[in-house]
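Beneath this line is the structure, given in structure tokens, with notes to follow.
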Amino acid sequence: MELTIGPIQGFWDAGHWSDFYARLAETPGVTKVVLGELVCSKRLPFYQTRMPEAIERLQTGGKHVAVTSLALVTLKRERKMTAELAGTGLEVEVNDLTALAHIPEHAPFSVGPLVNVYNEGTLSYLKQRGARSFCLPPELPLASVSRLAAKAGTTPVEVWGWGRLPLAISGRCYHARYHDRAKDQCQFVCANDPDGFAVDTLDDQTFLAINGVQTLSDPCANMSHDLTALEAAGVASLRLSPQHTGFFNIIALFHDLVCGRIDADELSARALPLAPGAAFCNGFLGGPNGISWSGRT
Amino acid sequence: MMELVCPAGTPASLRAAVDAGAHSVYCGFADDTNARNFPGLNFSRAELAAGVAYAKARGSKVLVAINTFPEAGNEALWHRAVADAETAGAHAVILADLGLIAYAAEKHPGLRRHLSVQAAAANPDIINFYAETFDVKRVVLPRVLSVQEIAAINREIDTETEVFVFGGLCVMAEGRCSLSSFITGRSPNMNGVCSPASHVTYTEEGQELAAKLGGYTIHRASKGTPAPYPTLCKGCFKVGSRTGYVFEDPASLDASELLPALAKAGVTALKIEGRQRSRAYVAQVVRNFRAAVEALEEGRPVPAGMLAQLTEGQSATAGAYNKIWR
């Protein structure tokens, strides 16, 4: 099982962003890195000029690099951003089908978790179109993952392995709404919460987290206990979603797990203090609902 | 005249909508293939055929929503739905899944294809991709766009556009939301349901009534005040130091006052949400909207506040059509 590092979902300070990718380039156990702006086009200018250096470092460090498209493309500048990705010469991870419209037919690309690949027909269409790998939507149950991995054949299939789950995307910015600001005058207040801002129920149940226009799970997805089942299903890699602090410990734990040096119980026990939301979930794969957790911690 | 696309969860509602002046009626089969897969709702094959005949005889069209995402290993159910919609004489199918659209374009080239709101096609590039690749004739726009943006989109596409104007309001981009399955295990994309009634409980707690979804408290009201249905994204939650409607108030969509602007924006069709609503509700909403589009066509003002009493006993919003909503 390989490890892929997904794009940063939150809005991080540019210096921290650069340091993160510099260190990631040197981090063992990581095969692939997807970077770029997934959630909000307003964030990109803060670190865009740093991207070429980060990419070069990652490539020098032996990582396979892909750039993500935005998750929801509506504005003119977002369309331009999306169109330009196809000309970068890098692998584009399509996370809104708009990106596909700009990729020449049969040119290679990868499919991210925010594209609705729920069945064999969609997978086959995208594969025939040039998809070289699929990170499946986190909502899928294991039975669907198995069928899709079988259909994909030699094309690698990945599933969400760690991190707050991307559950929804909206036109409305919930960070701006919370701070009584209009989206256009948000003053980048989402930077206060680089891993998202917890939303609890009125009974203080841990529930969701807001990240600008995106809604995340509050509990952190942790698929370590599903490793054997995922391997049996033919899944080739796990996606670890970056978090602002403690992430390199998480990578090391997953590297130890896939190498057989520790088991899932140990990983979960050691990772829990670092988990955003301070709780785990893995229920989309096999539980009654996404928020449920089948591990012991 | 702008086309009025009206909901029908039952054959009786279909007839009521047609009689009330619907130009088109949309409906679905009674299974996982459509996004209003509620108990007791939707059409058998025979009911659809009868509904199409009833509508055609009165100059109306029937559109069949097959707008969930087919389950891996079970695509045949969705393929059959497309074939049966064509056999029944449907004017078009409303599809969301990329693979299913590709399938329909290949196997049923003569069957008109509309792109469901569940496909969340929110800009001209992706709409033109669907039109050029799969000959999609109409796109139902996601509820994340302002009227100005809809006008800009229409300037860059040849595809017809359809927009929601009344009824339930998704706060998230449709087809891109798994909040419901995160809490209940059942989602719009996979099961055609959101915040399903099977997972709702109302619990009396002291002087309050808690509305819960899958055991999670979505809303709490003092006894005697109306408790809204616990739709997840319209719940009351705690964030930081505040308690409130983090995502959206328990409001429904009413864009009736924007009809002139939507007409000017080049919108072809106006869609009313509510296949789960009663026949009487459907008839009244359709009648009022028909009067409104006729008024518009003849250059008369659209009657204001004509639908206030129908907005779920709640406040109404124009949603993302007003840019400030974001």
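Could you work out the longest stretch of chain A that avoids the trypsin sites (Lys or Arg not before Pro) located in DSSP loops with at most 13 other Cβ atoms within 10 Å? The reported range is A:1-260.
State the dimensionless ratio Rg/Rh of region A:89-204 (Rg: radius of gyration of Cα atoms; Rh: Kirkwood radius). Rounded to two decimals, Rg/Rh equals 1.07.
Pair-distance distribution of region A:176-228: all C-alpha pairs, bin width 10 Å, starting at 0; shares per bin in whole percent are 22, 42, 25, 8, 3. Binning the C-alpha pair distances of chain B at 10 Å intervals from 0 yields a P(r) profile of 6, 26, 36, 24, 7, 1, 0 %, listed from the shortest bin outward.
Site pair B:Y229 and B:N322 shows an inter-label distance of 2.4 nm when each label is modelled 7 Å from Cα along Cα→Cβ. Rounded to the nearest 10 degrees, the angle from helix B:45-57 to the longest Cα principal axis of chain B is 70 degrees.
Between A:E2 and B:D135, the FRET efficiency estimated from the beta carbon spacing at R0 = 56 angstrom works out to 0.90. A:T31 sits among other residues whose Cβ lies under 12 Å from its own Cβ, and their net charge, with Lys and Arg +1 and Asp and Glu -1, is +1.
The alpha carbon radius of gyration of region A:192-297, expressed as a multiple of 2.2 N^0.38 Å, is 1.08.
Per residue, chain B reaches -9000 deg cm²/dmol at 222 nm when only DSSP H runs of four or more residues are counted, each adding -39500 (n - 2.57).
In loop segments of region B:204-272 as defined by DSSP, the trypsin sites (Lys or Arg not before Pro) with at most 14 further C-beta atoms inside 10 Å of their C-beta are B:K223. Using the 1.4 Å probe convention, the accessible area of chain A works out to 35 Å² per residue with neighbouring protein chains retained. Measuring with a 1.4 Å probe in the full set of protein chains, what accessible area per residue, in whole Å², belongs to chain B? Accessible surface, normalised per residue, equals 35 Å².
Given a Förster radius of 60 Å and the C-beta distance between B:T203 and B:R155 as r, what FRET efficiency does 1/(1 + (r/R0)^6) yield to the nearest 0.05? Computed FRET efficiency for B:T203 and B:R155 comes out at 0.70. In region A:112-127, the residues whose accessible area drops by at least 50 square angstrom when the other protein chains are added to the isolated chain are A:N116, A:Y118, A:N119, A:Y125; the probe is 1.4 Å and only protein heavy atoms count.
Can you list the residues in region A:175-209 whose accessible area drops by at least 40 Å² when all protein chains are present, compared with the chain alone? Use a 1.4 Å probe, heavy atoms only. Going by heavy-atom accessible area, the residues of region A:175-209 that drop by at least 40 Å² are A:R177, A:Y178, A:V199, A:L202, A:D203, A:Q205, A:F207, A:L208. Kindly list the residues of region A:78-122 that lie in the label zone of B:D31, defined by a backbone N under 13 Å from the point 7 Å along the Cα-to-C-beta vector. Answer for region A:78-122: none. Calculate I(q)/I(0) for chain A by the Debye formula, one identical point scatterer on each C-alpha and no solvent, and give its log10 at q = 0.14, 0.16 Å⁻¹ to two decimals. The calculated log intensity ratios at q = 0.14, 0.16 Å⁻¹ are -1.05, -1.43. Between amide H atoms placed 1.01 Å from N, distances below 5 Å from A:E2 occur with A:S237, A:L238, all of them 5 or more places distant or on a separate chain. Per residue, the convex hull around the alpha carbon atoms of the protein assembly as shown comes to 139 Å³. Note on region A:239-297: with neighbouring protein chains present and a 1.4 Å probe, carbon and sulfur make up 52 percent of its accessible heavy-atom surface. Each of A:N192 and A:Q48 was given a label point 7 Å from its Cα along the Cα-to-Cβ line. The distance between the two points is 2.7 nm.
Note on B:66-78: average number of Cβ atoms from other chains within 10 Å of each residue's Cβ is 5.
Near B:A292: Cβ cut-off under 12 Å, other residues only, Lys/Arg at +1 and Asp/Glu at -1. The net charge is -2. If you fit an axis through the alpha-carbon atoms of helix B:147-156 and take the longest principal axis of the Cα set of chain B, what angle between them do you get, 0 to 90°, nearest 10? The angle comes out near 20 degrees.
Here region A:158-202 is treated as a sphere whose radius is the Kirkwood value from Cα pairs; by Stokes-Einstein at 10 °C and 1.306 mPa s it diffuses with a coefficient of 128 µm²/s. Quick check: the angle from helix B:124-134's long axis to the longest principal axis of chain B, C-alpha only, nearest 10 degrees? Approximately 50 degrees, to the nearest 10.
For peptide B:115-126, compute the average count of partner chain beta-carbon atoms within 10 Å of each residue's beta-carbon. Walk me through the intermediate numbers first.
Details: counts 0, 0, 0, 1, 2, 8, 5, 9, 11, 4, 12, 10.
So the per-residue partner count for this stretch is 5.
All other residues whose Cβ lies under 13 angstrom from that of A:A198 are scored, Lys and Arg at +1 and Asp and Glu at -1, for a net of -2.
Here's how it looks for A:R132: its modeled amide H is under 5 Å from those of A:F109, A:S110, A:V111, which are all 5 or more places away or on a different chain.
With N denoting the number of residues in region A:32-82, provide Rg(C-alpha) divided by 2.2 N^0.38 Å, to two decimal places. Before the final figure, lay out the partial values.
Details: Rg = 11.8 Å, N = 51, 2.2 N^0.38 = 9.8 Å.
Relative to the 2.2 N^0.38 Å estimate, region A:32-82 comes out at 1.21.
For the pair A:A232 and A:K76, a Förster radius of 60 Å applied to the C-beta separation gives a FRET efficiency near 0.80, rounded to the nearest 0.05. Here the 3J(HN,Hα) profile of region B:17-22, calculated from phi with Karplus coefficients 6.51, -1.76 and 1.60 at θ = phi - 60°, is 5, 4, 5, 7, x, 5 Hz, Gly and Pro shown as x.
Nearest 100 Å² is fine: what is the total accessible surface buried where chains A and B meet, probe 1.4 Å? Chains A and B together bury roughly 5400 Å² of accessible area. Alpha-carbon geometry of region B:179-244: the Rg and the Dmax are 12.4, 38 Å, given in that order.
The values are calculated or read from the model by the stated rules, or taken from the named source; none is laboratory data. Since this is a predicted model, take the numbers as computed values, not measurements. So basically every Cβ, Gly included, is an ideal-geometry build from the backbone, and we count neighbours across all protein chains shown. Just so you know, the surface numbers come from the protein's heavy atoms only, side chains and all, with ligands and any DNA or RNA stripped out. Shrake-Rupley method; radii C 1.70, N 1.55, O 1.52, S 1.80 Å.
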